[in-house]
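What follows draws every value from the coordinates through simple rules; no lab data is involved. Since the model is a prediction, treat every value here as computed from it, not as a measurement. Here the Cβ is made from the backbone with ideal geometry for all residues, glycine too, and neighbour counts use every protein chain on show.
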Amino acid sequence: MNLISSRISFWRNILSKRFYGDASKKKLECENKKAAASAPAAPKKPKLKKFKIYRYNPEDKGKKPTMQTYTIDLNDCRPMILDALNKIKSEQDSSLTYRRSCREGICGSCGMNIDGINRLACLYKIKPKGTTKIYPLPHMYVIKDLVVDFNKFLEQHSRIKPYLIRKSKEQPGTTQYLQSIKDRESLDGYIECILCACCATSCPEYWWHGHTKKPNDFLGPAALLHAYRWIMDSRDHATADRIKQLTNYYNIYRCHQINNCTSCCPKRLAPGVAIANLRLLVGGFKKKNKPDMDGAAPAEPEKACKVEDEDKCSSKS
């Protein structure tokens, strides 16, 4: 019995040492992790980045535009060019002027020339190395710093009548125009334009003839892309009038298909393809397809509001 009891105590001691030894190791590791987490983080090495930004203030009469250099730490900045501009404006120079809005690439407000290419500042990432140079959109009248005058550009866009024109005179808000899924999908690649003017201001022909007096001015890739979009819309009834308006040589045939507009478009559209199709339409080599669906149906906005109210009530209950 003494022999058996001694062996039992022997093995019990060995197992307890192993078990408690492993437990103590795990406890020590957990304590070390907690201490490391609670300890203050080591300071990061600063990532300094230089930006050269075009500056012009019309109130400083007689002073020419200059390039001003700013330096920021990328460790304390979000990744996009617009974030860097916001940081400079809020922390270093509140007089820096530029347009901005949603920061998601759907408004077109922050178009500018970054490192020689027209881009949206909210979609272009900061390069960690080198000096980034930022200018306003080229060949546009500068209002202040990176803000340019869009009046001519928007007037040309309004000239192509960017809205549906119908033969029948329905009262607005009372009718919905019918369109098949196929006809709707044929507009993809043309309806996404956000009028940021990156394409027009990268077009050499728009530099030369875009600012001449109408009607002998080149409308530019953005306006012509929208013109093709409305011509090809199956719900529009003014195809012949729209095509006739574009027969002016300067409006459409001044395009040399350099395709700078396509290469810099932040929405990855192809204005050059739209202009080529417009030429085929004007020359009679292409015709608008007959719509799969035509006509209109009475709109019932009150019924739609009631359905929405019922859905909200049911979701609350």
Check your understanding: Which semi-axes, in whole Å and largest first, does the equivalent ellipsoid of the range 48-110 have when worked out from the alpha carbon gyration tensor as the square roots of 5 times its eigenvalues?
Key -> 22, 17, 9
**Study point:** Label point at residue 67 placed 7 Å out along Cα→Cβ; residues across the range 132-166 whose backbone nitrogen lies under 18 Å
**Key:** 132-139, 145-147
Check your understanding: Semi-axes, largest first, in whole Å: what does sqrt of 5 times each Cα gyration tensor eigenvalue give for the range 151-283?
Key -> 25, 17, 14
Exercise for review: Take the cross-link list 267/288; 214/290; 50/87; 63/129 and give me the ones stretching past 22 Å between alpha-carbons.
Suggested key: 267/288; 214/290; 63/129
Exercise for review: Positive end of the charge dipole of the range 48-148 (Lys, Arg +1 and Asp, Glu -1 on Cβ, about the Cα centre): tell me which of 146, 90, 117 has its Cα farthest that way.
Suggested key: 117
